[in-house]
1. In the neighborhood of Leu49, defined by Cβ-to-Cβ distances under 12 Å, what is the net charge if each Lys or Arg adds +1 and each Asp or Glu adds -1?
2. Relative to the present Cα-Cα distance, how much length would full extension add between Arg63 and Lys20 at 0.36 nm per residue of separation?
3. Between Thr43 and Leu100, how high is the FRET efficiency from 1/(1 + (r/R0)^6) when r is the Cβ-Cβ distance and R₀ = 41 Å? Nearest 0.05.
4. Roughly what angle does helix 39-51 make with the longest principal axis of the chain, taking Cα atoms, 0 to 90 degrees, to the nearest 10?
5. Pairing the Cα long axis of helix 108-120 with the longest principal axis of the chain, what angle in degrees results, from 0 to 90 and rounded to the nearest 10?
6. How are the Cα pair distances of region 6-69 distributed, in percent, across 5 Å bins from 0?
7. Give the separation of the Cα centroids, region 72-87 to region 1-33, in Å.
8. Starting from 0 in steps of 5 Å, tell me what percent of the Cα-Cα pairs of the chain lands in each bin.
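The numbers here are math on the coordinates, done by the rules we state, and not lab data. Note that the structure is predicted; figures quoted are calculated from it, not measured. Ideal geometry is used to build each Cβ from the backbone, glycine not excepted, and the neighbour counts take in all protein chains shown.
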Amino acid sequence: MQKITESEMIIMNIIWDAGKKVNSAYVIGNLPENIKWKMTTVTTFLSRLTGREMLEIVEKKGRTNYYVPTMSREEYSLRVTRNAMLRTGIGPIKNLIASLYKTNDISKNNIANLKQWLSDEGYTEETEEK
């Protein structure tokens, strides 16, 4: 799966936040104030996202298409992260967390939350050794 561009991410966030099928007019009406895209720009992005299978056309009314995402924001984030790790050969998750910690991209509090989550999910040191 190909990572989407920043502009496409703006479109996807609008659609994810909507939680319903949307058309290009809805997207334009919900763009951040600092973004002044024309209808042709938005429809181009919607077409690209459909081609990348991020969006699906679920209804057509005349010349108007209605779109829904094919995956949740969380699923997209997980796929991009997984693909990046596989592509770069980053290796074990321990290396990723250590790298994030060393560059101050993850805090001690984040690590504590991760430990708690692992514990809640039933992962222990004994589980890892098996």
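1. Value of the local net charge: -1.
2. The Arg63-Lys20 span can extend by a further 13.6 nm.
3. The pair Thr43/Leu100 has a calculated efficiency of 0.60.
4. It is inclined by approximately 50 degrees.
5. Once rounded, one gets 80 degrees.
6. It works out to 4, 19, 35, 28, 12, 3, 0, in whole percents.
7. About 19 Å separates the Cα centre of region 72-87 from the one of region 1-33.
8. 2, 9, 15, 16, 14, 11, 10, 10, 7, 4, 2, 0, 0
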